[in-house]
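To start, the structure under review is shown below, and the notes come after it.
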2 protein chains.
Amino acid sequence: MIIDIHGHYTTEPQPLLAFRDKQLAGLADAMRKPATSELGITDEQLVQSVQPQLKLQKERGSDLTIFSPRAAGMAHHVGTEATGSEWSRMSNDLIHRICALLPTNFAPVGQLPQHPGVPPKNCIPELERLAKLGFVGVNLNPDPAGGYWTDPPLTDKWWYPLYEKLAELEMTAMIHVTSSCNPVFHYTGAHYINGDTTAFMQLLQGNLFKDFPTLKFVIPHGGGAVPFHWGRYRGLAQEMKKPLLKDHLLNNVFFDTCVYHQPGIDCMAKVIPVDNILFASELLGAVKGVDPETGHNYDDTKRYIDKLPLSSADKAKIFEGNARRVYPRLDKRLKK
Amino acid sequence: MIIDIHGHYTTEPQPLLAFRDKQLAGLADAMRKPATSELGITDEQLVQSVQPQLKLQKERGSDLTIFSPRAAGMAHHVGTEATGSEWSRMSNDLIHRICALLPTNFAPVGQLPQHPGVPPKNCIPELERLAKLGFVGVNLNPDPAGGYWTDPPLTDKWWYPLYEKLAELEMTAMIHVTSSCNPVFHYTGAHYINGDTTAFMQLLQGNLFKDFPTLKFVIPHGGGAVPFHWGRYRGLAQEMKKPLLKDHLLNNVFFDTCVYHQPGIDCMAKVIPVDNILFASELLGAVKGVDPETGHNYDDTKRYIDKLPLSSADKAKIFEGNARRVYPRLDKRLKK
């Protein structure tokens, strides 16, 4: 079985996007507020909307995608905490319906109603609701300010109530920023990658997993710059008298394979233990198009893994075993 | 000849650091202002202060280091524009003296008196002074706000007057952030690497080198996350209908080799053309210590280059030829 742990719902039906427009327009002009949060999207429309994902699963050979709302769509910095809560709930409900309609193709990961300057513990009610609905994890945004980085580092006690609940519910968190409202940061080309690198370095500096030994974080996009600079991070940890990264972080921190060329994946596989690498493509649409150097899509990441000089047992870990271990709720769901 | 293009003066004599303390203390309490900017540092003290660098040059086999003030010491976000100007001038003067005393070991690169929210054109007088003193380039900070990123992207017209002068004077710019006053960003572990990645993506999105075809930027720390995500950047450029990165950026953008392990350098050499890679170690002290996996210092980057499967002609480019081409003023200096 091949599990792609990083997919976003980037093919949302028009009524959801129209609702969001009205919701945000309503902040400026109450007359424009949406009359209802009932979107009237049918099951048939939902199934129709994910045909592109299903087609790619078939073509590229994956079975199940861990599926969450559009990352850039979370936009925690936009609007108010109240509009954000409503938006998160609605986005999550669509994910829930899709995963219920197509349970062999999708497993749900949720969006948290974070808001800049607001304690993360306010997300707990939605987190509990998601757990009851069978979600296997959430996306956790280390910068709800959308490129201005005004909230505390992930190791700050500010985040602890949320971590306690994540640990209690066995919900895995992917550390994933959203869109950037800072013009210096392109979202997929800078902010996402910086978010990954920054989160890892925060965890390296801290001792978070002493307090939360079972918490599991996935750092997407191959961990940002981390594998490329693995020597730098090993050296910094050593200078800070931390344990080896393997012991300090790698029981709790995992990387996906959203790195869109062979030399990048090769570098990752050389330095990151196989047990910490989870197959993912970030379908649909983080980077579109066919690589003229290979004739294949940039984001057809399975091809890169296939070419790694690893045993089939190791590849099976990357494609399935690690995902089931890092997302214990997914494993339970699949066993059902 | 082996040229290390990225060294900082991290062994400054105590009087310089004491001056800076007094200068900043003077902002809070005028009584504490330094009485004079005459530091009383002798030539002998200066030569003594760089013995660690000279020792490493000899031990590791490099000949000349392109030498600039401590990167984290620039701290453009600290104090006022006036204290920053004075601080830059004094820091640059020490670099100038060291390079005059030891001209076969060091070539000078300067610090610009940037300040958050202040037009970069204010740096032109110091830039012109540096050119007259024989400096071969400057460090250009894309985030004078020290981790809050409140100034415009590097492609904004905001920066153009400075670029015009850089081009006119044939001064090469290393894009290098300084310390971070944002607690989310560790300086060498996150802010530096993010700064590199961010700058590259800004350049990718823009068309700066159409306006400044001779401008030369070096992105340090191996280009941040860029080589590791080269497929992502090629794909994003393609989606944005930009030319191939080779044509769009690589006549003007170069990467150093401050990547502290073999797999990282291997990845870089696979994707970045040899003509765009410049040898560097970031001595002294960005990452200290001996890598237990190799028994050598993390920042002994020459060893990684030596092991690359490249011809000796290509290695000569990385070690010398590219530096002389990318820093035309260095080439002239060396020919003298």
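The values are calculated or read from the model by the stated rules, or taken from the named source; none is laboratory data. Computed from a predicted model, the values in this text were never measured in an experiment. Here the Cβ is made from the backbone with ideal geometry for all residues, glycine too, and neighbour counts use every protein chain on show. These area figures cover heavy atoms from the full protein model, side chains too; ligands, DNA and RNA do not enter into them. Shrake-Rupley method; radii C 1.70, N 1.55, O 1.52, S 1.80 Å.
In this assembly of identical copies, the label point of B:R303 (Cα plus 7 Å along Cα-to-Cβ) is separated from its counterparts by 3.7 nm, sorted shortest first.
Rounded to the nearest 20 debye, the dipole size of chain A about its Cα centre is 600 debye, using +1 on the Cβ of Lys and Arg and -1 on the Cβ of Asp and Glu.
Across the options B:G295, B:P69, A:L310, the greatest Cα extent toward the positive end of the charge dipole of the protein assembly as shown (unit charges at beta carbon of Lys, Arg, Asp, Glu) belongs to A:L310.
Per residue and in cubic angstrom, what volume does the convex hull of the Cα atoms of segment A:166-277 have? Present the calculation step by step, with values, prior to reporting the outcome.
Details: hull volume 12.4 nm³, N = 112.
Given the Cα convex hull of segment A:166-277, per-residue volume reads 111 Å³.
Dividing the convex hull volume of the alpha-carbon atoms in segment A:7-97 by its residue count gives 90 Å³ per residue.
Interface burial in segment B:191-232 reaches 50 Å² or more for B:I193, B:N194, B:F228, B:H229, B:R232, comparing the full protein assembly with the chain by itself; accessible area from heavy atoms with a 1.4 Å probe.
Excluding A:A280 itself, calculate the net charge of residues whose Cβ lies under 9 Å from the Cβ of A:A280, where each Lys or Arg counts +1 and each Asp or Glu counts -1. Neighbour charge sum, excluding A:A280 itself: -3.
Probing with 1.4 Å while keeping every protein chain in the model, the per residue accessible area of the protein assembly as shown equals 36 Å².
Cα centroids of segment A:278-336 and segment B:121-183: 41 Å apart. Work out the P(r) tail for chain A: percent of alpha carbon pairs separated by more than 35 Å, whole number. Counting pairs separated by more than 35 Å, the tail of P(r) holds 17 percent. Within chain B, the selection of entire DSSP H helices by a Cα span of 18 Å or greater along the long axis and an average Kyte-Doolittle value of at least 0.0 returns B:14-28, B:192-205.
Chain A packed on chain B takes about 4700 Å² of accessible surface away from a 1.4 Å probe, both sides summed. Within straight-line reach of B:K55, meaning a Cα separation under 21 Å, sit the following lysines at least 8 residues removed in sequence or on another chain: B:K288, B:K302. If you wrap the tightest convex hull around every Cα atom of the protein assembly as shown and split its volume per residue, you get 157 Å³.
Each Lys and Arg adds +1 at its Cβ and each Asp and Glu adds -1 at its Cβ; summed about the Cα centre, segment A:218-336 shows a dipole of about 620 debye.
I'd like the carbon and sulfur percentage of the solvent accessible area for the protein assembly as shown, probe radius 1.4 Å, heavy atoms only, ligands and nucleic acids excluded. Intermediate values should be presented prior to the final figure.
Numbers: 13070 of 24270 Å².
Of all accessible area on the protein assembly as shown, carbon and sulfur atoms account for 54 percent.
Label-to-label distance for B:K22 and A:K336 is 7.2 nm, based on points extended 7 Å past Cα in the beta-carbon direction. Under 24 Å of direct C-alpha separation, and excluding same-chain neighbours fewer than eight residues apart, A:K210 reaches these lysines: A:K121, A:K157, A:K165, A:K241, A:K242, A:K246.
Under the convention that each Lys and Arg Cβ holds +1 and each Asp and Glu Cβ holds -1, the size of the dipole of segment A:209-263 around its Cα centre is about 160 debye.
State the antiparallel share, in %, of DSSP beta bridges confined to segment A:1-142, rounding to the nearest 5. Spell out each step's value before the answer.
Working: 0 of 11 bridges.
Antiparallel bridges: around 0 percent, rounded to the nearest 5.
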